[in-house]
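The values are calculated or read from the model by the stated rules, or taken from the named source; none is laboratory data. Fair warning: this is a prediction, and the values are worked out from it, not measured in the lab. Methodologically, a virtual Cβ is constructed for each residue, glycine included, from the backbone with ideal geometry; neighbour enumeration extends over all protein chains shown. Remember, those area values only see protein heavy atoms, side chains included, never the ligands or the DNA or RNA. Shrake-Rupley method; radii C 1.70, N 1.55, O 1.52, S 1.80 Å.
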Amino acid sequence: VRLVESGGGLMQAGGSLRLSCAVSGSTSDLYGMGWFRQAPGKEREFVAGISGLTGDRDYAESVKGRFTISRDNAKSTLSLEMNSLKAEDTGVYYCARSQSYSGTVVGDYNYWGQGTQVTVSS
């Protein structure tokens, strides 16, 4: 399974970015997919996830109402629309595939992309 993120960059606070993840080699659309981020000196944290079974979405409290996760199984892509960006959203964003239908912690995921840097200036 290979995951490749794109779309990161530098943005001013209040702006928007859209991240994409190209997925290849995954044998089933039933696996959950998610986005995580890691700021310098901090642990990797859950941002958003989408169930492969139900399509239900989960979000970290810090991004609810601002970020939207979506997946297009026909195109094998996962996306994260990020609006009203804040300086604290800065970090490396990782796309990941769950070991089961869904997940909200690092341990639920067993395939990871290399990450894409998002920097929000205040």
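Tabulated data for the structure shown
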read-out	value
The chain, accessible surface, carbon-and-sulfur percent (1.4 angstrom probe)	46 percent
Separation of alpha-carbon centers, segment 49-122 and segment 4-43, rounded to whole Å	5 Å
Length-normalised contact order for the chain - Cα pairs under 8 Å, 6+ apart - percent	36 percent
Protection proxy ranking, peptides 27-39, 76-88, 51-63, average beta carbon neighbours within 10 Å, highest first	27-39, 76-88, 51-63
Proximal lysines to Lys64, defined as alpha-carbon separation beneath 23 angstrom and excluding residues fewer than eight positions away on the same chain	Lys42, Lys86
Accessible area (Å², per residue) of the chain, counting only protein heavy atoms and a probe of 1.4 Å	51 Å²
